[in-house]
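A short write-up of the structure that comes next.
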Amino acid sequence: MERLQKIIANSGYCSRRKAEEFILAGKVKVDGEIVTTLGTKVSEKSVIEINGEVLTNEEKEYYLLNKPRGVITTTHDDKNRKTVIDLIETNKRIYPVGRLDYDTTGVLLLTNDGDFANMIMHPKNEIDKVYIAKLKGIISKEAIHTLEEGVLLDQEFVTASRVKVRKIDTKTNHSIVEMTIHEGKNHQVKRMFEQVGYLVDKLKRERIAFLTTEGLASGEYRKLSNKEISKLYVLANKK
Ligand code: URA
């Protein structure tokens with residue numbers, strides 16, 4: 001027996017969070033009966049239907065995309081804007097692991113494996129997400145210290161595990177700052193810098209753990225190798 005939202009996410013139909021939304025909205029049937037209780041334990045042999053479609057187990061796929069600016073990180077958009085899914089050729093129902101803003105570039109993982117997505121995103125696994133931010137103004141030592149000590153976002157303390165100044169340009173009044181975080185709250189990096197008094201002009205995710213965009217032009221992608229996938233699990237299990 002397994003929790004319903006976990007079985008749905010593992011099938012590759014959608015993320016666990018999306019599965020929870022479908023369950024609460026009454027869109028999920030188990031053996032012909034609508035189930036709206038999250039966490040309902042279901043046998044692997046049960047027939048699960050979502051939006052009238054019977055769930056099947058898909059082969060898992062894992063992609064690394066160098067996300068360009070001007071593309072949204074969702075599976076579909078009501079306003080018909082280009083999404084990150086449009087950039088990847090696959091017949092599998094993949095979805096992004098976490099979110100990058102419309103104007104943020106860099107490393108984005110996509111998969112149809114709910115367990116993998118959770119493993120990457122869960123802060124307890126301490127998988128590094130490394131961002132390079134171009135800030136308006138010259139960042140102060142106090143601001144860096146505060147980011148490392150923690151700032152309040154959504155009534156929760158979030159810390160940067162590392163903040164490093166890459167470049168200060170007094171002529172144009174900009175700073176280039178590297179910041180490593182483990183969570184993935186909405187607009188987290190921009191909001192953390194705002195909390196200490198700096199506006200982010202440009203943002204790029206340079207790295208997730210050891211994965212970078214090396215060899216990929218903007219908008220290009222590649223599959224993760226089995227070795228890379230295992231290495232990520234090893235990193236997560238060490239925490
Ligand atoms: N933090 C942000 O503010 N934006 C992103 O796109 C990612 C992290």
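With springs only between Cα atoms under 10 Å apart, run a GNM on the chain and tell me which of I144, I176, I229 wobbles the most.
I229
Direction-averaged shadow area of the convex hull around the Cα atoms of the stretch 2-54, nm²? All intermediate terms of the calculation are to be shown ahead of the outcome.
Details: hull surface 11.7 nm².
Seen from a random direction, the Cα hull of the stretch 2-54 projects 2.9 nm² on average.
Largest first, please: the extent of the C-alpha atoms of the stretch 33-133 along each principal axis, to the nearest Å.
Result, largest extent first: 48, 35, 25 Å.
Scanning the chain for GluC sites (Glu not before Pro) in DSSP loops with at most 11 other Cβ atoms within 10 Å, what's the longest stretch left with none? If you can, show how the numbers build up before the last one.
On the way: sites that count: E44, E59, E89, E214.
Within the chain, the longest run free of exposed GluC sites (Glu not before Pro) spans 90-213.
Against the globular-protein guess of 2.2 N^0.38 Å, express the Cα radius of gyration of the chain as a ratio, rounded to two decimals. If you can, show how the numbers build up before the last one.
Numbers: Rg = 19.5 Å, N = 239, 2.2 N^0.38 = 17.6 Å.
Computed over Cα atoms of the chain, the ratio equals 1.11.
Which order do M1, M179 fall in if you start with the one that has the fewest other Cβ atoms within 10 Å?
Values: M1 9, M179 22.
The most exposed by this proxy come first: M1, M179.
Which chymotrypsin sites (Phe, Trp or Tyr not before Pro) in the stretch 149-239 pass both tests, a DSSP loop state and at most 12 other beta-carbon atoms within 10 Å?
Numbers: sites: F157, F193, Y198, F210, Y221, Y233; in loops: Y198, F210.
Of the chymotrypsin sites (Phe, Trp or Tyr not before Pro), the ones in loops of the stretch 149-239 whose Cβ has at most 12 other Cβ atoms within 10 Å are F210.
Rounded to the nearest 0.05, what FRET efficiency do D169 and E53 have when you use their Cβ-Cβ distance and R0 = 41 Å?
Details: r = 53 Å, r/R0 = 1.30.
The value I calculate is 0.15.
Under the rule a/c < 1.5 gives rounded, and otherwise a/b versus b/c splits prolate from oblate, where does the stretch 162-239 land using the Cα gyration tensor? Walk me through the intermediate numbers first.
On the way: a/c = 2.46, a/b = 1.69, b/c = 1.46.
Note, shape of the stretch 162-239 comes out prolate.
So what are the ³J(HN,Hα) numbers for the stretch 29-35, from phi and the Karplus equation (6.51, -1.76, 1.60; θ = phi - 60°), rounded to whole Hz, Gly and Pro as x?
So the Karplus estimates, Gly and Pro as x, are 10, 10, 6, x, 10, 5, 10 Hz.
Where a Cα-Cα gap under 18 Å defines reach, which aspartates and glutamates qualify for K124, not counting those fewer than 8 residues away within the same chain?
Filter leaves D115, E148, E149, E156, E183.
Amide H neighbours of H174 under 5 Å, at least 5 residues apart or on other chains, H built in the peptide plane: list them.
Long-range HN contacts for H174: G137, D169.
Give me the lysines in straight-line cross-link reach of K141: C-alpha distance below 27 Å, same-chain residues under 8 apart excluded.
K129, K164, K167, K171, K185, K190, K202, K204
Find, to one decimal place in angstroms, the Kirkwood hydrodynamic radius of the stretch 128-208, where the mean of 1/r is taken over every pair of different Cα atoms and then inverted. Provide the component values of the computation, followed by the final result.
Working: mean 1/r = 0.0805 Å⁻¹.
Kirkwood radius, the stretch 128-208: 12.4 Å.
Each value in this text was obtained by applying a stated rule to the coordinates, not by laboratory testing. Quantities reported herein were computed from a predicted structural model and do not represent experimental measurements. When we count neighbours, we look across all protein chains shown, and the Cβ atoms used for this are built from the backbone with ideal geometry, even at glycine.
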